[in-house]
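To keep things clear, I will list the structure first and then write my remarks on it.
The values are calculated or read from the model by the stated rules, or taken from the named source; none is laboratory data. Computed from a predicted structure; not experimentally measured. We place every Cβ from the backbone using ideal geometry, glycine too, and count neighbours over all the protein chains shown.
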């Protein structure tokens, strides 16, 4: 198989990717940036004190790596389960699992790298009343 390596610089990331309230996603390796067909990898920032809306990623698996900050992840049909993650931690999110990311720190953003096993960044925002209760 032949091809060429491609570098995506920060200013070349694609922010027109699917978004969830409270988070800012930029595609790094994706169809729109390098012609990827089977994976999506992006840079995600959650501002201090912010919480994402409840969402899931359809049929794709997700892996999240925390670069900096401390995140709380709520998950389950009513967001009844919670895990905490900090710098150096990986989080696995199975397909169809409704979840919410929170940054409980009022001073420091959470910066993450997200990878999915599908080229498209599938984001299905879900109306879960519990998402409003932090």
Filtering segment 96-115 for residues that are under 13 Å from residue 44 (Cα atoms) and crowded, with 21+ Cβ neighbours inside 10 Å leaves a count of 6
Selection status of residue 50, at pLDDT 95 or above and within 16 Å of residue 19 (Cα to Cα)
no
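Among the residues of segment 68-95, which ones are part of a loop (DSSP other than H, G, I, E, B), surrounded by 12 or more Cβ atoms within 10 Å (Cβ to Cβ) and out of contact with any helix residue (DSSP H, G or I) (no Cβ under 6 Å at 6 or more places or on another chain)?
First, the residues of segment 68-95 that are part of a loop (DSSP other than H, G, I, E, B): 69-70, 76-80, 86-89, 94-95.
When the remaining residues are screened for being surrounded by 12 or more Cβ atoms within 10 Å (Cβ to Cβ), the result is 69-70, 76-79, 87, 89, 94-95.
Once the filter is applied, which keeps residues that are part of a loop (DSSP other than H, G, I, E, B), surrounded by 12 or more Cβ atoms within 10 Å (Cβ to Cβ) and out of contact with any helix residue (DSSP H, G or I) (no Cβ under 6 Å at 6 or more places or on another chain), segment 68-95 yields 69, 70, 76, 77, 87, 89, 94, 95.
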Listed residues 60, 122; which is part of a loop (DSSP other than H, G, I, E, B), surrounded by 18 or more Cβ atoms within 10 Å (Cβ to Cβ) and in contact (Cβ under 8 Å) with a residue 60 or more places away in the chain?
60
Confirm whether residue 127 is at pLDDT below 90, over 13 Å from the mean Cα position of the chain (by Cα), closer than 16 Å to residue 20 by Cβ and surrounded by fewer than 18 Cβ atoms within 10 Å (Cβ to Cβ).
yes
Members of segment 27-39 that are buried (at least 17 other Cβ atoms within 10 Å of the Cβ) and touching a helix residue (DSSP H, G or I) at 6+ places or on another chain (Cβ under 8 Å):
27, 33
